[in-house]
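Shown next, in C-alpha cells, is the structure this report addresses.
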Amino acid sequence: MSYFDREDGTFKVLVNHEDQYSLWPDFKAVPGGWTDTGVKGNKQHCLDYVKQTWTDMRPLSLRRFMAEQAQ
C-alpha cells in the first residue's frame, strides 16, 4: 500500500506555480516546483482544506490568459 492510500498518515498541502494543490507526506522533502502552504494534518483535514481553497481547477496561466482575452 502506498503512503498516499493511508488514512492515518500526516500530510502537508503543497501548491505549485500554477496554483495547483497536492497532498504530500509530512516526512518527505518538498519536491522542486512546489511550496508548502503550512497546512498540515491528517489526510481528511488536508483534503478539506484543498476542497475549500482550490475552487478553480484551471491552471493560473490559463486563468490569466482568459482574463486578458476578456478585456
Worksheet entry | Residues whose placed amide H lies under 5 Å from that of Gly9, excluding near-sequence neighbours | Lys43
Discussion item. Tell me which chymotrypsin sites (Phe, Trp or Tyr not before Pro) from the chain have a DSSP coil assignment and no more than 12 other beta carbons within 10 Å of their own.
Written reply: Phe27
Item to complete: For the chain, count the residues as N, evaluate 2.2 N^0.38 Å, and divide the Cα radius of gyration by that value, please.
Response: 1.27
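Counting alpha carbon pairs within less than 8 Å and at least 6 residues apart, what relative contact order, in whole percent, applies to the chain?
This gives 33 percent for the chain.
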Worksheet item: From the phi of every residue in segment 48-65, what ³J(HN,Hα) in whole Hz does the Karplus formula 6.51 cos²θ - 1.76 cosθ + 1.60 yield, where θ is phi - 60° and glycine or proline is x?
Response: 4, 4, 4, 4, 6, 8, 8, 8, 10, 6, 5, x, 4, 4, 5, 4, 5, 4
Worksheet item: When only DSSP loop residues count, what trypsin sites (Lys or Arg not before Pro) in segment 21-71 have their Cβ near at most 10 other Cβ atoms within 10 Å?
Response: Lys28
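Computed from the coordinates by the stated procedures, all read-outs in this text should not be read as laboratory data. Everything numeric here is computed off the predicted structure, so don't read it as measured data. Because the Cβ atoms are built from the backbone with ideal geometry, glycine has one as well, and the counts that use them run over all protein chains shown.
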